[in-house]
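The values are calculated or read from the model by the stated rules, or taken from the named source; none is laboratory data. Since the structure is predicted, the reported quantities are computational estimates derived from the model, not experimental observations. Neighbour counts are summed over all protein chains in view; Cβ atoms, including those assigned to glycine, are modelled from backbone coordinates with ideal geometry.
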Amino acid sequence: MRKQDLLSLFELKDPFEDFSPLQDSRLWGWNGNRLALQALVNLTKPKIIIEVGSWMGLSSANFSLSMKQLGLHESTLICIDTWLGSLEHWIEPENRSHLELQNGYPTFYQRFLSNMAKADCADNLIPLPMPSQIAHRYLSHYNIRSELIYVDGSHDEKDVYEDLISYWELLTPGGVIFGDDWPWESVANAVKRFCRDKGVNYGLEEINWYIPKPHVQQDGVALR
């Protein structure tokens with residue numbers, strides 16, 4: 001679905017319109033440049049990608065540019081993040097600078113927009129600055145469905161599980177929901193619990209986990 005069609009549906013203005021990128025901003029993050037992201041875009045050929053957790057945009061740029069390279073010029077990436085930082089950014093002084101606090105409020109959303117504009121990703125990307133559960137209800141309201149969903153927000157076990165439960169509803173049959181940080185016990189436990197509860201299987205590719213959604217729900221328990 002084209003970006004402009006989604007913006008019209010949401011009745012939103014393009015956040016990149018009249019935006020001036022910060023020239024000193026740089027694209028960075030954790031695990032966002034892994035080949036697994038490109039491979040799953042190639043596999044699913046998504047009309048819409050939903051990314052839960054975007055940070056400074058490394059994975060966002062990977063998704064956006066991968067769609068372009070595959071000729072998916074009418075597809076759109078929806079980036080969901082509060083851009084308020086995670087717990088470790090608030091309690092660990094060495095990480096707090098990333099928040100770029102102004103009057104006590106994080107402002108690094110401007111970094112994200114700058115990185116996307118400078119990486120030539122602004123034309124097929126829509127950021128939604130919302131908590132993941134509010135964004136899920138927002139997208140459900142508009143009956144948005146996605147063939148590929150990347151879950152990389154909070155790494156708390158409860159949060160990961162709740163994101164999986166919520167965004168599974170938005171995943172089309174035959175689509176894939178996936179993430180990284182499998183070595184985190186909290187992430188692995190949430191994925192395993194979700195698969196047990198739903199009776200579906202997960203796969204692993206080094207630190208990446210992925211869960212395909214069956215076209216027809218199968219009886220039984222997940223193999224893993």
**Report entry** In segment 1-57, the residues that are closer than 16 Å to ASP152 by Cα and of a type in the set (Asp, Glu)
**Finding:** GLU51
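To keep it simple, each residue is scored yes or no on (1) under 18 Å from ASP81 (Cα atoms); (2) part of a helix (DSSP H, G or I).
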| residue | (1), (2) |
| --- | --- |
| ARG137 | yes, yes |
| HIS155 | yes, no |
| GLU162 | yes, yes |
| TRP182 | no, no |
| ALA188 | no, yes |
| ASP197 | no, yes |
| TYR210 | no, no |
| HIS215 | no, no |
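In segment 114-126, which residues are surrounded by fewer than 22 Cβ atoms within 10 Å (Cβ to Cβ) and in contact with a helix residue (DSSP H, G or I) (Cβ under 8 Å, 6 or more places away or on another chain)? Give the derivation first.
Step one: filter segment 114-126 for residues surrounded by fewer than 22 Cβ atoms within 10 Å (Cβ to Cβ), giving 117-120, 122-124, 126.
Result: ALA119, ASP120, ALA122, ASP123, ASN124, ILE126.
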Query raised in the report: Regarding MET67, is this residue buried (at least 17 other Cβ atoms within 10 Å of the Cβ) and either more than 21 Å from ASP180 (Cα to Cα) or not polar (S, T, N, Q) (or both)?
Result: yes
Query raised in the report: Got a sec? Which of ASP24, ASP14, ASP18 is assigned to a loop (DSSP other than H, G, I, E, B), closer than 22 Å to PHE112 by Cα, modelled with pLDDT of 95 or more and not aromatic (Phe, Trp, Tyr)?
Result: ASP14
Query raised in the report: Would a scan of segment 180-189 turn up a residue that is within 20 Å of LYS47 (Cα to Cα), surrounded by 21 or more Cβ atoms within 10 Å (Cβ to Cβ) and within 14 Å of the chain's Cα centre (by Cα)?
Result: no
Query raised in the report: When only residues in segment 127-154 that are out of contact with any helix residue (DSSP H, G or I) (no Cβ under 6 Å at 6 or more places or on another chain) and of a type in the set (Val, Ile, Thr) count, which is farthest from TRP55 (Cα to Cα)?
Result: ILE144
Query raised in the report: Out of all the residues in segment 70-85, which are in contact (Cβ under 8 Å) with a residue 24 or more places away in the chain, surrounded by fewer than 23 Cβ atoms within 10 Å (Cβ to Cβ) and of a type outside the set (D, E, K, R)?
Result: LEU70, LEU72, HIS73, THR82, TRP83
Query raised in the report: Right, GLU169: touching a residue at least 24 places away in the same chain (Cβ under 8 Å) and surrounded by 21 or more Cβ atoms within 10 Å (Cβ to Cβ) or not?
Result: no
Query raised in the report: Does ILE149 satisfy the condition of being among the hydrophobic types (A, V, I, L, M, F, W, C) and either part of a strand (DSSP E or B) or under 25 Å from TRP90 (Cβ atoms) (or both)?
Result: yes
Report summary line: When every residue in segment 143-158 that is over 16 Å from LEU77 (Cβ atoms) and at pLDDT 95 or above is compared, the one surrounded by the most Cβ atoms within 10 Å (Cβ to Cβ) is GLU157
Query raised in the report: So, of the residues in segment 41-60 that are among the small types (Gly, Ala, Ser) and crowded, with 24+ Cβ neighbours inside 10 Å, which turns out to be farthest from the chain's Cα centre (by Cα)?
Result: GLY57
